[in-house]
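A.B. asks: First, the structure itself, so that you have it in front of you.
The values are calculated or read from the model by the stated rules, or taken from the named source; none is laboratory data. Worth saying up front: this structure is predicted, and the values here are computed from it rather than measured. Methodologically, a virtual Cβ is constructed for each residue, glycine included, from the backbone with ideal geometry; neighbour enumeration extends over all protein chains shown.
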Ligand SMILES: [Zn+2]
């Protein structure tokens, strides 16, 4: 079975590979941090858009963001 984003072998109990699974976890952790920094007023969608603009955001995270934004 392959990762739904990149086609690599997927991790157990996920539709993502290890790399994209790690990216998903760091994305969720980052949202919690950002949300606190914004006093809980940051929309998830805004967070994704800002992250996508940052050069330091990894490609695996950007893959995930594009998919999330495409599906909402
Ligand atoms: Zn992947």
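A.B. asks: Give me a count of the residues in segment 1-49 that are part of a loop (DSSP other than H, G, I, E, B) and either modelled with pLDDT of 95 or more or surrounded by 11 or more Cβ atoms within 10 Å (Cβ to Cβ) (or both).
C.D. replies: Final tally of qualifying residues: 16.
A.B. asks: Could you tell me how many of the residues in segment 1-50 are more than 9 Å from the ligand (Cβ to nearest atom) and in contact (Cβ under 8 Å) with a residue 24 or more places away in the chain?
C.D. replies: 5
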